[in-house]
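To start, the structure under review is shown below, and the notes come after it.
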Amino acid sequence: MDVEILSRLQFAFTIAFHYIYPPLSIGLGLIMVIMEGLYLRTKEPVYEQMARFWTKIFALTFGIGVATGIVMEFEFGTNWATYSRYVGDVFGSALAAEGIFAFALESGFLGILLFGWNRVSPRVHFIATIGVFFGSLFSAVWIVVANSWQQTPAGFHVVGEGMQARAEITDFWAMVFNPSSVDRLLHVWIGAFLAGAFLVLSVHAYYLLKERYVELSKKAFKIALGVATVFSLAQLLTGHHSADGVAVNQPAKLAALEGHFDSLAVADAYVFGWVDKENQEVTGLKVPGGLSFLLHYDFETPVRGLNSFPKDERPSALNAIFQFYHLMVAIGMALIALTLFASLQWWRGTLFSHRWLLWVFVFSVLLPNIANQVGWFAAEMGRQPWVVYGLLRTSDALSAAVTANQVLFSLILFAIIYTLLFVLFLYLLNKKIKAGPESGEQVQHSSRQEGMVGRLGV
């Protein structure tokens, strides 16, 4: 393999592993805010128990997310020097904003969230939980803004020429609200809410099947099911709106996502299929004119296909892009069906009487996480061959001094370290789930201990 392929594989592996944790943290943050809010409103200890338990899980995902995210910043400098020079001013402003508006907020309240139980009033602790949650949301804002600028650059001009060229911001807010940033941010946020909600559903479904923490788990399950139902439906809307934006701003990507080759013709929508790049055809189950209807509300309106673009400006891994995108859509529809069916059972009063349904929820935790991953893959691979769409090619963004052997060696090391981290994460997560939420007596005992420590000044 050459340096470009290896560097892309290394960064894809790094960000894919990292991207397991921030969505879970964001989603759990929302669930924790709801649980603590219900505790403040009702004064029922069961809501405090579940909030304390999920704070421990949140701390685990947050910590590993921070540790795995640092590596990517070094990869920009080691493997992608030309890219770093080109986007440095844009990324620098976005990352600075993240530090000011996100990290400062999160770090300011994180200590209170984790260690402030019974050291501060319930209202102050609730405010800290909200602060950490909003900090995680703002962190996602600036990362998505920076990435969206690569997809649909705006608010800048280019200074210098050739490999010394770089983008400088001329309008900060135009850069922030570039044509794809809002759609993509909403899509990412909702994907994160679903990841967190389905983790809560999975754990409490498991407790219910094992007849542990039954009353607590029923309440927690209903909270998470409400969140999952609302946002699985909302994701359908944001996904459709985002696709409309891709059709306008990145038509080659849309053609790749849907396997549409004809230069300008009515476009079908595939439920599933297989792309034959050489023969320029897709075999599978399709809705004739479906893509034309989704974009223009007319089955006969033509849509630009891949053949209308120069060969060197088309994404290359067409079948992979097609499969990733359609897997994301299929999972999204499955989540809608699952949550609506469960909500119907809730309304009928039979939600917890179907053991098979609880088992489905135990394993459903994988679905939103897979959807987040493959959606990201489709978006990034569909942008190729551009690292900054229409301006800087991926092949031109590499570091000239890095060799293939160096990248391969570091990729192997990362794979080993990240595998160990993932095993550690699963071990600690399993340990915390088996330990379960503290009982009401344990919470009260912990409160007395913390009060004694506080009075002693320790």
Counted residues in the stretch 104-139 being among the hydrophobic types (A, V, I, L, M, F, W, C), touching a helix residue (DSSP H, G or I) at 6+ places or on another chain (Cβ under 7 Å) and closer than 13 Å to residue 29 by Cα come to 12
Tell me which of these residue 211 doesn't satisfy, since it passes every other one: (1) in contact (Cβ under 8 Å) with a residue 12 or more places away in the chain; (2) surrounded by fewer than 24 Cβ atoms within 10 Å (Cβ to Cβ). (1)
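Evaluate the following for residue 285: is it within 29 Å of the chain's Cα centre (by Cα), modelled with pLDDT of 90 or more, loosely packed, with under 14 Cβ neighbours inside 10 Å and over 24 Å from residue 16 (Cα atoms)? Steps first, please.
Working: within 29 Å of the chain's Cα centre (by Cα): yes; modelled with pLDDT of 90 or more: yes; loosely packed, with under 14 Cβ neighbours inside 10 Å: yes; over 24 Å from residue 16 (Cα atoms): yes.
So residue 285 fits the description; yes.
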When residue 383 is evaluated against the numbered criteria (1) more than 21 Å from residue 148 (Cα to Cα); (2) within 25 Å of the chain's Cα centre (by Cα); (3) not aliphatic (A, V, I, L, M), which criterion, by number, is the only one it fails? (1)
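Which members of the stretch 266-292 meet the condition of being under 13 Å from residue 318 (Cα atoms) and β-branched (Val, Ile, Thr)?
Of the stretch 266-292, the ones under 13 Å from residue 318 (Cα atoms) are 273-282.
If the condition is that a residue be under 13 Å from residue 318 (Cα atoms) and β-branched (Val, Ile, Thr), then 275, 282 are the ones that fit.
Name the residue, out of 31, 57, that is under 17 Å from residue 112 (Cα atoms) and crowded, with 21+ Cβ neighbours inside 10 Å. Show your work before the answer.
On the way: 31 fails: under 17 Å from residue 112 (Cα atoms).
Being under 17 Å from residue 112 (Cα atoms) and crowded, with 21+ Cβ neighbours inside 10 Å holds for just one of 31, 57, which is 57.
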Filter result for residue 261 (more than 25 Å from residue 394 (Cα to Cα), buried (at least 18 other Cβ atoms within 10 Å of the Cβ), touching a residue at least 24 places away in the same chain (Cβ under 8 Å) and of a type in the set (Phe, Trp, Tyr)): no
Just checking, does the stretch 2-11 include any residue being touching a residue at least 40 places away in the same chain (Cβ under 8 Å), crowded, with 19+ Cβ neighbours inside 10 Å, more than 30 Å from residue 438 (Cβ to Cβ) and of a type in the set (Val, Ile, Thr)? yes
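Could you check the stretch 132-146 and list, in sequence order, the residues that are without any contact (Cβ under 8 Å) to a residue 40 or more places away in the chain and surrounded by fewer than 20 Cβ atoms within 10 Å (Cβ to Cβ)? Explain how you work it out, then say what you get.
Here is the first cut: in the stretch 132-146, the ones without any contact (Cβ under 8 Å) to a residue 40 or more places away in the chain are 134-135.
Scanning the stretch 132-146 gives a single hit, 134.
At least 3 residues that are touching a helix residue (DSSP H, G or I) at 6+ places or on another chain (Cβ under 8 Å), modelled with pLDDT of 90 or more and on the phi > 0 side of the Ramachandran plot in each: list the helices (runs of 4 or more DSSP H) lying fully within the stretch 309-410 that qualify.
Details: elements: 318-348, 355-363, 366-383.
In the stretch 309-410, there are no helices (runs of 4 or more DSSP H) which contain 3 or more residues that are touching a helix residue (DSSP H, G or I) at 6+ places or on another chain (Cβ under 8 Å), modelled with pLDDT of 90 or more and on the phi > 0 side of the Ramachandran plot.
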Given the structure, is residue 82 under 29 Å from residue 158 (Cα atoms), buried (at least 18 other Cβ atoms within 10 Å of the Cβ) and of a type in the set (S, T, N, Q)? yes
If residue 93 meets every condition in (1) surrounded by 22 or more Cβ atoms within 10 Å (Cβ to Cβ); (2) in a helix (DSSP H, G or I); (3) of a type in the set (Gly, Ala, Ser) apart from one, which number is that one? (1)
If we scan the stretch 69-89, do we find a residue that is touching a Leu at 6+ places or on another chain (Cβ under 8 Å), in contact (Cβ under 8 Å) with a residue 60 or more places away in the chain, closer than 22 Å to residue 365 by Cα and not acidic (Asp, Glu)? no
Any residue in the stretch 147-159 that's closer than 13 Å to residue 389 by Cβ: show its pairings with residues that are acidic (Asp, Glu) at Cβ separation under 7 Å, as long as the two are six or more apart or on different chains. 156/168
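In the stretch 105-121, which residues are among the aromatic types (Phe, Trp, Tyr) and surrounded by fewer than 19 Cβ atoms within 10 Å (Cβ to Cβ)?
First, pick out the residues of the stretch 105-121 that are among the aromatic types (Phe, Trp, Tyr): 109, 115, 117.
115, 117, listed by residue number.
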In the set 105, 28, 6, 95, the lone residue that is closer than 30 Å to residue 385 by Cβ and either small (Gly, Ala, Ser) or out of contact with any Leu (no Cβ under 6 Å at 6 or more places or on another chain) (or both) is 95
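Only one of these is of a type in the set (Phe, Trp, Tyr), more than 20 Å from the chain's Cα centre (by Cα) and under 26 Å from residue 24 (Cβ atoms): 352, 363, 377. Name it.
Numbers: 363 fails: more than 20 Å from the chain's Cα centre (by Cα); 377 fails: more than 20 Å from the chain's Cα centre (by Cα).
That would be 352, the only listed residue that is of a type in the set (Phe, Trp, Tyr), more than 20 Å from the chain's Cα centre (by Cα) and under 26 Å from residue 24 (Cβ atoms).
Please tell me if residue 178 is among the polar types (S, T, N, Q), surrounded by 19 or more Cβ atoms within 10 Å (Cβ to Cβ), at pLDDT 85 or above and out of contact with any helix residue (DSSP H, G or I) (no Cβ under 6 Å at 6 or more places or on another chain). Steps first, answer last, please.
Numbers: among the polar types (S, T, N, Q): yes; surrounded by 19 or more Cβ atoms within 10 Å (Cβ to Cβ): yes; at pLDDT 85 or above: yes; out of contact with any helix residue (DSSP H, G or I) (no Cβ under 6 Å at 6 or more places or on another chain): no.
When the stated conditions are applied, residue 178 does not pass them.
Conditions tested, residue by residue: (1) within 19 Å of residue 253 (Cβ to Cβ); (2) touching an Asp or Glu at 6+ places or on another chain (Cβ under 6 Å); (3) among the basic types (Lys, Arg).
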residue: 280; (1), (2), (3): yes, no, no
residue: 286; (1), (2), (3): no, yes, yes
residue: 291; (1), (2), (3): yes, yes, no
residue: 295; (1), (2), (3): yes, no, no
residue: 299; (1), (2), (3): no, no, no
residue: 303; (1), (2), (3): yes, no, no
residue: 311; (1), (2), (3): yes, no, yes
residue: 314; (1), (2), (3): yes, no, yes
residue: 318; (1), (2), (3): yes, no, no
Do we have any residue at all in the stretch 147-164 that's within 30 Å of residue 52 (Cβ to Cβ), surrounded by 17 or more Cβ atoms within 10 Å (Cβ to Cβ) and of a type in the set (Ser, Thr, Tyr)? no
Looking at the stretch 122-131, can you tell me whether even one residue there is surrounded by 19 or more Cβ atoms within 10 Å (Cβ to Cβ), among the charged types (D, E, K, R) and over 21 Å from residue 99 (Cα atoms)? no
Residue 77 vs. criteria surrounded by fewer than 19 Cβ atoms within 10 Å (Cβ to Cβ) and more than 22 Å from the chain's Cα centre (by Cα): yes
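The values are calculated or read from the model by the stated rules, or taken from the named source; none is laboratory data. In this text the structure is predicted, and so the values were computed from the model without any measurement. Note: ideal-geometry Cβ built from the backbone for every residue, glycine included; neighbour counts use all protein chains shown.
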